1. Say whether the condition of being surrounded by fewer than 18 Cβ atoms within 10 Å (Cβ to Cβ), within 19 Å of the chain's Cα centre (by Cα) and at pLDDT 95 or above is met by at least one residue in the range 88-109.
2. With (1) modelled with pLDDT under 90; (2) assigned to a helix (DSSP H, G or I); (3) not basic (Lys, Arg) as the list, and LEU122 as the residue in question, which single condition is left unmet?
3. Pick out the one residue from LEU134, LEU147 that is in contact with a helix residue (DSSP H, G or I) (Cβ under 9 Å, 6 or more places away or on another chain) and under 21 Å from ALA90 (Cβ atoms).
4. Checking the structure you have, find out if any residue of the range 127-137 is buried (at least 19 other Cβ atoms within 10 Å of the Cβ), at pLDDT 90 or above and in a helix (DSSP H, G or I).
5. Could you list, in sequence order, all residues of the range 45-87 that are touching a residue at least 60 places away in the same chain (Cβ under 8 Å), among the small types (Gly, Ala, Ser), surrounded by 23 or more Cβ atoms within 10 Å (Cβ to Cβ) and outside any loop (DSSP other than H, G, I, E, B)?
6. Go through the range 227-243 and give me each residue that's polar (S, T, N, Q) and assigned to a loop (DSSP other than H, G, I, E, B).
7. Check VAL246, VAL153 and return the single one that is of a type in the set (Val, Ile, Thr), under 24 Å from PHE64 (Cβ atoms), modelled with pLDDT of 90 or more and in a helix (DSSP H, G or I).
8. Can ALA7 be described as farther than 21 Å from LEU202 by Cβ, part of a loop (DSSP other than H, G, I, E, B), at pLDDT below 95 and not basic (Lys, Arg)?
Amino acid sequence: MRLWRRAPWAMRVGAGILALHLAAALFGPALAGWGPAQMGAGPPLSGPSWAHPFGIDQLGRDVFSRVLHGARVVLVLSLSGTALGVAVGAVIGLLSGLAGGWIDDLVQRALEILISIPFLVLALIAMVAVGPILSGQPVTVIGVVALIYAPRVARIARAAAQEIATRDFVTMARLRGDGALTIMWREILPNARGVLLVEFSLRASYAPVLIGSLGFLGFGLRPPPPEWGLMMAENRALLIVTPWAVLGPGLALSSLVVGLNLFTDGLARMLGRHADFGAAG
């Protein structure tokens, strides 16, 4: 409670927004009046009403119910992909910074090649490379998010490892004969947790946009899962006829991103590290 009182206002607001999205992910499907793919909820393309706050799409599905069901899809994909990317990037970066020498140089050149490719272009290349059978599967989307984030997290983890490796307790561990993996796990990782936590929060705030962009472009999940980017793509041709079919998932996605950004900004301030939200890559 004392820690919460010292939290910046941005973190409190962001936490409140995230709590709403988490509640929607946990309890939304039970509260939704219709299934995510259930047709016949009302006249197709009808506007908002008390029974259908976001109206009905062209297939007769309740948009509000689909948005509630989509909260779980978006959060699971975003958090899973970010966690995998941070885990892989942290291991690569910490070991690279600890090893130094030609190993570090080789790893950094490989990371620079991946980072030099715009993240959306790299994501599209990865989706095309896995083939039509695997593309559009949830596990593939998670893997693509991890592929995008791992090199960027690795650069941050490497810088942290290089700074921590100069401290006395790391020198003592080396004199004891501890191996690189042992030093990374016992000495480097506990002292880099704050940086990695901020990196996780920062990357998680961009993951919904990346996943939504893939869905909107037709390279994300295949229908009928109610992923918000896919929902906007399905109804974009009818934006003038039934705008809420697009605005509903759009507002859900934007509010989630805002909440994650505010929470990350507050977390970074509490941990004494400024998060640069202007650099999505």
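1. Yes, the range 88-109 has at least one match.
2. Here LEU122 meets the rest and fails (1).
3. On inspection, the qualifying residue turns out to be LEU147.
4. yes
5. GLY70, ALA71, SER78, GLY81, GLY85
6. The answer is THR242, and nothing else.
7. Criteria check complete, one pass: VAL246.
8. Working: farther than 21 Å from LEU202 by Cβ: no; part of a loop (DSSP other than H, G, I, E, B): yes; at pLDDT below 95: yes; not basic (Lys, Arg): yes.
No; evaluated as a whole, the condition is false for this residue.
The values are calculated or read from the model by the stated rules, or taken from the named source; none is laboratory data. These figures come from a predicted structure and were not determined experimentally. FYI the Cβ positions are ideal-geometry reconstructions off the backbone, even for glycines, and counts take in every protein chain you see.
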